[in-house]
Amino acid sequence: MLGINNQYDKIILFMPTFRKSKIINRIDSTSDFPIISSKNISEINSFLKENKVLLVIKPHPYQNDIEFLNLEFTNIIKFTNEDLAMKNVLLYELLGQVDALVTDYSSVYFDFLLTQKPID
């Protein structure tokens, strides 16, 4: 569906809530992006690679300008709304294809409940 090969044992989708954007000059938080930063993204990628896990990051459309998310990694990829549209994939189809969702207080949590996948 997304052109992701089968070299991964698990696929995790990370969809944090909108926090801060230079695009619309709005700040809802002191951090640009939760959990992942330019300081730890390489270490996270190494951990994911060792465990054969792919992390798909789907930032809020107003957060596509976060620089470290545009770097190339072996086990971390970013999908924007435009990327999904080019592949003719709806967000809800993506939710159905992943093994786990990582989010904070985003309403996508409730959408993921409909997949009936385990939630811990």
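The values are calculated or read from the model by the stated rules, or taken from the named source; none is laboratory data. If you're wondering where the values come from, they're calculated on a predicted model, not measured in any experiment. Here Cβ is always computed from backbone atoms with ideal geometry, including for glycine, and neighbour counts include all displayed protein chains.
Of the residues making up the stretch 67-92, those that are without any contact (Cβ under 8 Å) to a residue 60 or more places away in the chain, of a type outside the set (Val, Ile, Thr) and part of a loop (DSSP other than H, G, I, E, B) are 71, 72, 73, 88, 90.
Of the set (1) touching a residue at least 60 places away in the same chain (Cβ under 8 Å); (2) part of a helix (DSSP H, G or I), all apply to residue 106 but (2).
Are any of the residues in the stretch 85-94 more than 22 Å from residue 37 (Cβ to Cβ), touching a helix residue (DSSP H, G or I) at 6+ places or on another chain (Cβ under 9 Å) and among the aromatic types (Phe, Trp, Tyr)? Give the derivation first.
Step one: of the stretch 85-94, the residues more than 22 Å from residue 37 (Cβ to Cβ) are 85-94.
This time we only want the ones that are touching a helix residue (DSSP H, G or I) at 6+ places or on another chain (Cβ under 9 Å), so: 89-94.
Still in the running and among the aromatic types (Phe, Trp, Tyr): 92.
Looking for residues that are more than 22 Å from residue 37 (Cβ to Cβ), touching a helix residue (DSSP H, G or I) at 6+ places or on another chain (Cβ under 9 Å) and among the aromatic types (Phe, Trp, Tyr), one finds at least one in the stretch 85-94, hence yes.
Scanning the stretch 38-66 for residues that are part of a helix (DSSP H, G or I) and modelled with pLDDT of 90 or more returns 41, 42, 43, 44, 45, 46, 47, 48, 49, 50.
Among the residues of the stretch 95-105, is any modelled with pLDDT under 85, within 14 Å of the chain's Cα centre (by Cα), of a type in the set (Gly, Ala, Ser) and surrounded by fewer than 17 Cβ atoms within 10 Å (Cβ to Cβ)? For the stretch 95-105, residues modelled with pLDDT under 85, within 14 Å of the chain's Cα centre (by Cα), of a type in the set (Gly, Ala, Ser) and surrounded by fewer than 17 Cβ atoms within 10 Å (Cβ to Cβ): absent.
Scanning the stretch 5-23 for residues that are farther than 18 Å from residue 69 by Cα and either modelled with pLDDT under 90 or not in a loop (DSSP other than H, G, I, E, B) (or both) yields a count of 4.
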